[in-house]
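**Student:** Here it is, the structure in full.
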Amino acid sequence: MSSDPRPLIPPRYANVPALPAYDPDLPDPVFRTYVRLTGLAWVNDYRETPPLTLAELCAVCHCSERTLWGHLTDLRKRGLLSWETGGGGQMILSPAGLPAEGQEGEAGTDGALATLAE
């Protein structure tokens, strides 16, 4: 990150991949958490969030630690989010996007469209 840190909250909106929006099994509270966390990654083209403590993440997501861990676990199982823990109890979250064009198999765009069609 640069020496002039940008604010965590996007200026007007957050861009998120469309795939989670079309997952009929994704509960609304988990989707809201996903959108809020993805919004934090706006400072570096949605690749990862700045390092944040669990308390800071709870404040952004408006939920308890227990609820947040449940949402994070669900999002990781669905392949929508991954994270790394660092020093000082901070986490860096990496939202998953749609697969890049040109990838083959179930992980590619065709696989994503087939999943949506089901």
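**Student:** As a test question: what accessible area, to the nearest 10 Å², does ARG78 have when a 1.4 Å probe is rolled over all protein chains in place?
**Tutor:** Near enough 80 Å² of accessible area.
**Student:** Stretch GLU84-ASP25 to full length: gain in nm at 0.36 nm per residue minus the Cα-Cα span?
**Tutor:** Working: separation 59, 0.36 × 59 = 21.24 nm, distance 2.58 nm.
Answer, rounded to one decimal: 18.7 nm.
The values are calculated or read from the model by the stated rules, or taken from the named source; none is laboratory data. Treat the numbers as computed from the prediction; the structure is a model and nothing was measured. Note: areas computed on protein heavy atoms with side chains; ligands, DNA, RNA excluded. Shrake-Rupley method; radii C 1.70, N 1.55, O 1.52, S 1.80 Å.
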